[in-house]
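Following: one structure in structure tokens, then a few remarks.
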Amino acid sequence: MSRPPRIPGFEYRGLYQYFVTFCTFERCEVLRDDPVARLVVLTFRRTARARKFALLAYCLMPDHVHLLIEGMSDRADLRRFVKQAKQSSGQAYSAQAQRRLWQEGYYDRVLRDNEDPREVARYIIGNPVRAGLVANLFEYPYIGSDVWSLDELVESVL
């Protein structure tokens with residue numbers, strides 16, 4: 001897989017918001033497994049704190065992940081966050097399953113100043129319903145936010 005292009009000259013560092021997506025290796029649906037999904041969420045949360053990011057929203061689909069994150073410091077570095085989050089969760093998974101967790105690369109989109117991050121978060125957490133995995137968002141265990149309650153986000157999704 002070739003890596004998606006990044007914005008030329010943009011540092012991907014600082015007080016920005018990013019919508020990030022990355023996929024499991026060979027698009028295997030390993031994130032259906034509750035212990036694996038919980039491990040990934042825990043690792044993402046730890047990495048976000050360590051790398052000075054707020055985890056505005058997340059959704060683990062069976063074969064990919066959507067994140068909405070916000071740099072909380074001038075030193076918050078998206079590339080380092082993604083590398084550490086994938087590496088840490090991938091190593092823990094590999095120790096148990098003897099296989100890779102993530103495919104190479106990721107997709108990102110820098111939110112513009114006029115974009116409402118809550119709308120992007122609502123889109124992210126609405127994925128399981130749109131994909132037909134559940135009828136009600138509250139039935140899906142692998143969505144959330146470390147900033148907003150699900151009630152705050154769900155009001156315009158349902």
*Might you check whether a residue that is hydrophobic (A, V, I, L, M, F, W, C), in contact with a Lys or Arg (Cβ under 9 Å, 6 or more places away or on another chain), outside any loop (DSSP other than H, G, I, E, B) and modelled with pLDDT of 95 or more occurs anywhere in the range 24-41?*
yes
_Number of the condition not met by ARG100 [criteria: (1) in contact (Cβ under 8 Å) with a residue 12 or more places away in the chain; (2) under 26 Å from LYS52 (Cα atoms)]_ = (2)
*Give ARG80, ARG99 a once-over and let me know the one that is out of contact with any strand residue (DSSP E or B) (no Cβ under 7 Å at 6 or more places or on another chain) and either part of a helix (DSSP H, G or I) or surrounded by 18 or more Cβ atoms within 10 Å (Cβ to Cβ) (or both).*
ARG80
*Check off (1) in contact (Cβ under 8 Å) with a residue 12 or more places away in the chain; (2) among the aliphatic types (A, V, I, L, M); (3) assigned to a loop (DSSP other than H, G, I, E, B) for ILE69 and give me the number that stays unchecked.*
(3)
*Number of the exception - GLN17 against (1) out of contact with any Ser or Thr (no Cβ under 7 Å at 6 or more places or on another chain); (2) within 29 Å of GLN98 (Cα to Cα); (3) polar (S, T, N, Q)*: (2)
*asked:* Looking only at the range 17-36, how many residues end up being surrounded by fewer than 18 Cβ atoms within 10 Å (Cβ to Cβ) and either of a type outside the set (D, E, K, R) or in contact with a strand residue (DSSP E or B) (Cβ under 7 Å, 6 or more places away or on another chain) (or both)?
replied: 4
_Every residue in the range 135-158 that is part of a loop (DSSP other than H, G, I, E, B) and either under 19 Å from the mean Cα position of the chain (by Cα) or hydroxyl-bearing (Ser, Thr, Tyr) (or both), please._
TYR140, PRO141, TYR142, SER145, ASP146, VAL147, TRP148, SER149, SER156, VAL157
*Pick from ARG80, ARG27, ARG46: which is of a type in the set (D, E, K, R) and touching a residue at least 60 places away in the same chain (Cβ under 8 Å)?*
ARG27
*Determine, yes or no, whether LEU78 is of a type outside the set (Asp, Glu), at negative phi, more than 14 Å from the chain's Cα centre (by Cα) and at pLDDT 95 or above.*
no
*Go through (1) of a type outside the set (Lys, Arg); (2) touching a Phe, Trp or Tyr at 6+ places or on another chain (Cβ under 8 Å); (3) part of a strand (DSSP E or B); (4) closer than 24 Å to PRO141 by Cβ one by one and return the number of the condition ALA54 breaks.*
(2)
*Filter the range 105-122 down to residues that are under 15 Å from the mean Cα position of the chain (by Cα) and surrounded by fewer than 17 Cβ atoms within 10 Å (Cβ to Cβ) and give me whichever is farthest from GLU29 (Cα to Cα).*
VAL110
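The values are calculated or read from the model by the stated rules, or taken from the named source; none is laboratory data. Being a predicted model, the structure only gives us computed values, none of them experimental. Positions of Cβ are backbone-derived with ideal geometry, glycine not excepted, and every protein chain shown enters the neighbour counts.
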